[in-house]
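Let me begin by presenting the structure, written as structure tokens, before commenting on it.
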Amino acid sequence: MKNQNIGVFSIVDENEPVPGCTISGEILPGAISFSLAEGTDISAESYPAPVIQYGLSGRTVLHDEDENTEKTVAAGDLVIKPAGRNIGVQAPEDSVYLEIALREDNVMNQVVKAGEVFKLKELVPYQDGKIVNMDIASNDGMKFVVMAFDEGTGLSEHAAPGDAIVFALDGEAVIGYDGKEYLISSGQQFRFAKGGLHSVKANGRFKMALLLMKE
């Protein structure tokens, strides 16, 4: 994970919009953060495979030039941009979002339809005494999953099979990493590196997404 610190951080805080500018930067291989100042845009482009867009702050408007439709993606929203469609992005206000490039051999969860906008944290429910898990997209090189932890549940210590980022979506939890404990709350992220021993313990009910890059 080049030039990135391990631990709790905020993609939004690290990518504050600059007036009149658009800014992008890779945070993991195949995962790019975008920072768009109010009134800026990214010209329509198409992709050879679907692309996940996850809103982190503000809101953007996606214009599908092929279908002549518009969709608004707010903070907390997820949309899968279909392959082969010319889609532009406009920012009516300062906005930060994440793009995750998928592959043609990607396995998609049928609950999440391409082109539809979802609240990521609403894709999985809480269940008493259990952890609910949903794979959004996966292939041999990556996995993007959302999880809901009931109070007192958690994941025991295990080694990370690749570089990863946890996105806290609701509530808070304690992440154990290489012998240290870190409190993470809704809206924050946590980086960990391949091979890092880590655990998750929910403080009350907690939801998170995990982006794991295995290559």
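The values are calculated or read from the model by the stated rules, or taken from the named source; none is laboratory data. None of the values given here were measured: they were computed from a predicted structure. Every residue, glycine among them, receives a Cβ derived from its backbone with ideal geometry; neighbour counts consider all protein chains shown. Ligands, DNA and RNA are excluded from the accessible area calculation, which covers all protein heavy atoms including side chains. Shrake-Rupley method; radii C 1.70, N 1.55, O 1.52, S 1.80 Å.
Amide H contacts of G76: G55, L56, each under 5 Å away and 5 or more positions distant or on a separate chain (H built 1.01 Å from N in the peptide plane; Pro and chain starts excluded). Peptides 113-121, 179-187 ordered by packing proxy, namely the average of other Cβ atoms within 10 Å per residue, highest first: 113-121, 179-187. Compactness ratio for segment 70-156: Cα radius of gyration over 2.2 N^0.38 Å (N = residue count) comes to 1.25. H63 sits with roughly 50 Å² accessible to a 1.4 Å probe, with DNA, RNA and ligands left out of the calculation.
Once the 1.4 Å probe is applied to the protein heavy atoms, the chain comes out at 46 Å² accessible per residue.
For the residues G30, G58, G20, a GNM of the chain with alpha-carbon springs under 10 Å puts the largest fluctuation on G20.
Checking (1) 52, 40, 32; (2) 42, 40, 35; (3) 48, 36, 31 against the coordinates, the calculated Cα extents along the principal axes in Å falls under label (3).
In order along segment 92-97, the Karplus-derived 3J(HN,Hα) couplings, from 6.51 cos²θ - 1.76 cosθ + 1.60 at θ = phi - 60°, round to x, 8, 3, 9, 10, 8 Hz, and Gly and Pro are given as x.
In whole Hz, what ³J(HN,Hα) sequence does segment 188-199 give by Karplus (6.51, -1.76, 1.60; θ = phi - 60°), x for Gly and Pro? Per residue, the Karplus-derived 3J(HN,Hα) values read 9, 10, 9, 9, 9, 9, 3, x, x, 6, 8, 9 Hz. Between Q188 and A168, the built amide H atoms are under 5 Å apart, and every one of these is 5 or more places off in sequence or on another chain. With the whole protein complex present, E93 retains an accessible surface near 70 Å², based on a 1.4 Å probe. In the complete set of protein chains, residue-level accessible area for R59 is approximately 90 Å², probe 1.4 angstrom.
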